[in-house]
Amino acid sequence: MSWSDLDRLVADAEASPALQQVLRQCHSRQELLRTARQLGYRLTRADLQNAWLEHHNTAEPQEVDQASNY
């Protein structure tokens, strides 16, 4: 499971403006996965989907409504 790599990517991005900039250049989930893998993070599409579901299942109702517009 690569969930720990997703946690590591998030922590690294929070600490690194340069990594934030690289990740901002990703315009799709597939591009984000490809970039993360090139940087050494072992992420899967399922990891992103599970993280999204977990986030939105614990989000406030207002946040979920806003996210559905994305």
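Read the figures in this text as sums done on the coordinates, not as results from a lab. Just so it is clear, the structure is predicted and the values come from calculations on it, not from any experiment.
Here the Karplus relation 6.51 cos²θ - 1.76 cosθ + 1.60, evaluated at θ = phi - 60°, turns the backbone of segment 10-23 into coupling constants of 4, 4, 5, 5, 5, 9, 10, x, 5, 5, 4, 4, 4, 5 Hz, with x for every Gly and Pro.
Extension gain for Q38-D7 works out to 9.5 nm (0.36 nm per residue, less the C-alpha to C-alpha distance).
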